[in-house]
Protein chains: 2
Amino acid sequence: MPALDLEGDLVTLLRALVDLESVSGNERDIAEAVQESLSSYDHLDVQRDGDLVMARTDLGRDDRIVIAGHLDTVPVADNLPSWTTGEGDELLIWGRGSCDMKGGVAVQLAAAARLQEPNRDITWIFYDNEEVAEEHNGLARVARNHPDWLTGSFAVLGEPSNAGIEGGCQGTLRVSVTIAGVAAHSARAWMGNNAIHDAASLLNRLATYEPRKVLVDGLTYREGLNAIKISGGIAGNVIPDRCTVEINYRFAPDKSADQAIAYLRDDVLAGFDLEVLDAVAGARPGLDQPAAAAFVAAVGAEPSAKFGWTDVARFAAAGIPAVNYGPGDPSLAHTREEWVSMTQIREMTEVLRGFLA
Amino acid sequence: MPALDLEGDLVTLLRALVDLESVSGNERDIAEAVQESLSSYDHLDVQRDGDLVMARTDLGRDDRIVIAGHLDTVPVADNLPSWTTGEGDELLIWGRGSCDMKGGVAVQLAAAARLQEPNRDITWIFYDNEEVAEEHNGLARVARNHPDWLTGSFAVLGEPSNAGIEGGCQGTLRVSVTIAGVAAHSARAWMGNNAIHDAASLLNRLATYEPRKVLVDGLTYREGLNAIKISGGIAGNVIPDRCTVEINYRFAPDKSADQAIAYLRDDVLAGFDLEVLDAVAGARPGLDQPAAAAFVAAVGAEPSAKFGWTDVARFAAAGIPAVNYGPGDPSLAHTREEWVSMTQIREMTEVLRGFLA
């Protein structure tokens, strides 16, 4: 396995990363290549935890920031090895992981190699298992195993955001509501009580709910409260005695997970019996921090709020304000046709240089 | 296989029938025993179609009636062989099929043997596969193969009715309504349109619908319109673009199946797109027919309307008014604890004698 050339052509580096297949759980090869290539730089202290690679400067700067990206991808779908279309400003790199998020990883690796005297100390994190269940997540694991690797005043997570800043992220929770009825033969429906009919009151509540728009640290978060699953009924001749509705609440980062649950239980869905299936808090954008302000200035465009939950919440949980910022159109993530443009790759390269050089 | 003794003790006959296991599809043994025992009577012309046995008198009476019962049962559930509890008026016969409907079959077989000079010609039908899908039903099959076996002015179906007359039966139909939405990531719900939320309007319609009560030939039928199944949603983070509701309509026999469908489509559920899954008409009680009136007089109690669909509708389709009348509590049918009382067995025996001797 040849080490990656971190100071050569960015397209070559990115394509080498894409061609190192690294579906979640299979990050060994790419992690070793990343570790080996970073280890040749004296300005970096490189360490490893499973298939997570951490590389940091230790220049005694007043400030330390964390820049992270995940090495894994969703399963390959006939979209490896990589290919390109167009040239110059039109050059696109295609293939599994190109958008989500080896484009960001390539820029981060190149910057880690080149920024040998950054104005802030930097902790670079390249981690495994972002695309799968929480229990496997490399960033969650390192927060348990090496909390000292996750210290800093600000963090950037290189998920695709079209090279715009998406601040923080919303929390998300799921609850299940089971409406109980009384079973009966459907030819004698009046002997029973139809649980599906009774679910109408819950659906009415959801359908008429006006989601909040919440200003947090200068960004507007737009919440959502939605039934995402419904099931009921067992046979064509039986009045159903049970109807279960699963509800997803996406909530702004002004609320903790417990506050969000209480809001549903005591307010929006009061009167219904909620079972909480899962709940994770979001992350405040923290754009009032000096390092964050400097990063916003380097990007030179208005930040927007991140609606979906991302690993920035893990930084928030560790006390570090964080933003999403990376090349690539997020709507292409996980599609077979994912690609990333060299224009955005270069843009991010310039932003990191402006922020850190 | 010894023939059944049709003129001996009724309890012995009934227990012999119950102990001849005859779960739908496995009626061969019981059909052969029935055929063999009936064939020894000169006043009966006995014929066979699959596991259906037909036995009829041909005395040139002005009137012919049909008396039918099914030989099959739902699956055995540790409730064979038969057993009894109590004595005299308290005697109960237990075991799979005792209630549904070998109690009625025992009375019919004994009457077929004993009523050698009935006042009306009688066609006795003992049939297979009543408890399973329409395509296997013996009565439906004989209507195709031997329509001449199903002629008469009136029919009695010996299904358990607590030895009371349940006239005709209601029709039943199922429709499916699929509410379409637009899928989106649940973190950006406003990009989509939640099909489960939109289903609220359909459920509201069903929940507030007041079922009709309809007088037909002197009996009051009580309709029912119910969601019997609902499903929607594919994942915890996707706004569902589809919610499907299955609806069962039980309708009085004043409507044909087509009229019932039109009533839903143009009236109750107007505005929704209905897919008809199945529809069968009910049967009018026909209690204004002379033979029916004589039967009601023999029973000596007020008839009531039958709400559930039964094979009497097959007689109605063949132009023969029909009623349900048999020993056994219908609410025990298909339960593991089914039983039939000798009191009702004797009552039906007397009714048939009064009606036909």
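Among the residues of the stretch B:173-191, count how many are facing chain A (nearest Cβ under 9 Å) and farther than 23 Å from residue A:198 by Cβ.
Counting residues in the stretch B:173-191 that are facing chain A (nearest Cβ under 9 Å) and farther than 23 Å from residue A:198 by Cβ gives 6.
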So, residue B:259, is that one closer than 28 Å to residue B:179 by Cα and within 23 Å of the chain's Cα centre (by Cα) or not? yes
Quick check on my filter: what residues within the stretch B:230-245 are more than 7 Å from every other protein chain (Cβ to nearest Cβ), at pLDDT 95 or above and either out of contact with any helix residue (DSSP H, G or I) (no Cβ under 7 Å at 6 or more places or on another chain) or open to solvent by less than 10 Å² (accessible area, probe 1.4 Å) (or both)? B:244, B:245
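Within the stretch B:276-310, restricting attention to residues that are among the charged types (D, E, K, R) and within 14 Å of chain A (Cβ to nearest Cβ), which residue is most open to solvent (accessible area, probe 1.4 Å)?
B:278
Considering only helices (runs of 4 or more DSSP H) fully contained in the stretch B:264-357, which possess at least 3 residues that are without any contact (Cβ under 8 Å) to a residue 60 or more places away in the chain and aliphatic (A, V, I, L, M)?
B:290-299
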Could you say whether any residue in the stretch A:82-101 is modelled with pLDDT of 95 or more, among the β-branched types (Val, Ile, Thr) and either under 18 Å from the mean Cα position of the chain (by Cα) or under 29 Å from residue A:289 (Cβ atoms) (or both)? no
Please verify whether the stretch B:192-207 includes one or more residues that are more than 17 Å from residue B:267 (Cβ to Cβ) and modelled with pLDDT under 95. yes
Regarding residue A:253, is this residue crowded, with 22+ Cβ neighbours inside 10 Å, more than 14 Å from chain B (Cβ to nearest Cβ) and within 22 Å of the chain's Cα centre (by Cα)? no
Give the number of residues within the stretch B:58-73 that are within 25 Å of the chain's Cα centre (by Cα), in a loop (DSSP other than H, G, I, E, B) and hydrophobic (A, V, I, L, M, F, W, C). 1
Residue B:355 versus (1) within 27 Å of residue B:116 (Cβ to Cβ); (2) open to solvent by 10 Å² or more (accessible area, probe 1.4 Å); (3) over 21 Å from the mean Cα position of the chain (by Cα): which is the lone unmet condition? (2)
All but one of (1) open to solvent by 20 Å² or more (accessible area, probe 1.4 Å); (2) within 23 Å of residue A:149 (Cα to Cα); (3) in contact with a helix residue (DSSP H, G or I) (Cβ under 9 Å, 6 or more places away or on another chain) hold for residue A:320; which doesn't? (1)
In this structure, is residue B:156 crowded, with 21+ Cβ neighbours inside 10 Å and either of a type in the set (A, V, I, L, M, F, W, C) or outside any helix (DSSP H, G or I) (or both)? yes
Looking at A:128, A:100 in this structure, which one is crowded, with 20+ Cβ neighbours inside 10 Å and touching a Pro at 6+ places or on another chain (Cβ under 8 Å)? A:100
Say we look at the stretch A:208-229 and pick out the residues that are touching a Gly at 6+ places or on another chain (Cβ under 9 Å) and part of a loop (DSSP other than H, G, I, E, B); which of these is modelled with the highest pLDDT? A:211
Of the numbered conditions (1) open to solvent by less than 10 Å² (accessible area, probe 1.4 Å); (2) out of contact with any Phe, Trp or Tyr (no Cβ under 6 Å at 6 or more places or on another chain); (3) aliphatic (A, V, I, L, M); (4) not in a loop (DSSP other than H, G, I, E, B), residue A:260 satisfies every one except a single condition; which is it? (2)
In the stretch B:85-95, anything touching a helix residue (DSSP H, G or I) at 6+ places or on another chain (Cβ under 7 Å) and at negative phi is listed as B:89, B:91, B:93
Out of the stretch B:165-178, which residues are within 20 Å of the chain's Cα centre (by Cα) and open to solvent by 20 Å² or more (accessible area, probe 1.4 Å)? B:166, B:172, B:174
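In the stretch B:306-343, what count of residues is obtained for those that are polar (S, T, N, Q) and closer than 19 Å to residue B:279 by Cα? Talk me through it step by step, then tell me what you get.
Of the stretch B:306-343, the ones polar (S, T, N, Q) are B:310, B:324, B:331, B:335, B:341, B:343.
In the following step, the residues that additionally are closer than 19 Å to residue B:279 by Cα were identified as B:310.
Residues flagged as polar (S, T, N, Q) and closer than 19 Å to residue B:279 by Cα within the stretch B:306-343 amount to 1.
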Looking at residue A:271, is it on the phi > 0 side of the Ramachandran plot and either within 11 Å of chain B (Cβ to nearest Cβ) or surrounded by fewer than 18 Cβ atoms within 10 Å (Cβ to Cβ) (or both)? yes
Residues in the stretch A:33-57 that are under 27 Å from the mean Cα position of the chain (by Cα) and of a type in the set (S, T, N, Q) total 4
Give the stretch A:1-56 a look and list any residue that's small (Gly, Ala, Ser), part of a helix (DSSP H, G or I) and over 25 Å from residue A:350 (Cβ atoms), or say none. A:31, A:33, A:39
With criteria (1) open to solvent by 10 Å² or more (accessible area, probe 1.4 Å); (2) closer than 14 Å to residue B:14 by Cβ; (3) in contact with a Ser or Thr (Cβ under 9 Å, 6 or more places away or on another chain), residue B:83 comes up short on (3)
Across the stretch B:10-28, the tally of residues that are without any contact (Cβ under 8 Å) to a residue 60 or more places away in the chain, open to solvent by 40 Å² or more (accessible area, probe 1.4 Å) and within 23 Å of the chain's Cα centre (by Cα) stands at 2
Please determine, by comparing only the residues of the stretch A:203-229 that are among the aliphatic types (A, V, I, L, M) and surrounded by 23 or more Cβ atoms within 10 Å (Cβ to Cβ), which one is farthest from the other protein chains (Cβ to nearest Cβ). A:225
Which condition breaks for residue B:39 when tested against (1) under 20 Å from residue B:116 (Cα atoms); (2) open to solvent by 60 Å² or more (accessible area, probe 1.4 Å); (3) out of contact with any strand residue (DSSP E or B) (no Cβ under 6 Å at 6 or more places or on another chain)? (3)
Those residues of the stretch A:145-195 which are over 30 Å from residue B:188 (Cβ atoms) and touching a Phe, Trp or Tyr at 6+ places or on another chain (Cβ under 6 Å), in sequence order: A:187, A:188
Mind listing whichever residues of the stretch B:179-202 are surrounded by fewer than 17 Cβ atoms within 10 Å (Cβ to Cβ), in contact (Cβ under 8 Å) with a residue 24 or more places away in the chain and touching a Lys or Arg at 6+ places or on another chain (Cβ under 8 Å)? B:180
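The values are calculated or read from the model by the stated rules, or taken from the named source; none is laboratory data. Model, not experiment: these values are computed from the prediction. When we count neighbours, we look across all protein chains shown, and the Cβ atoms used for this are built from the backbone with ideal geometry, even at glycine. These accessible areas exclude ligands, DNA and RNA; they are computed on the full protein's heavy atoms, side chains included. Shrake-Rupley method; radii C 1.70, N 1.55, O 1.52, S 1.80 Å.
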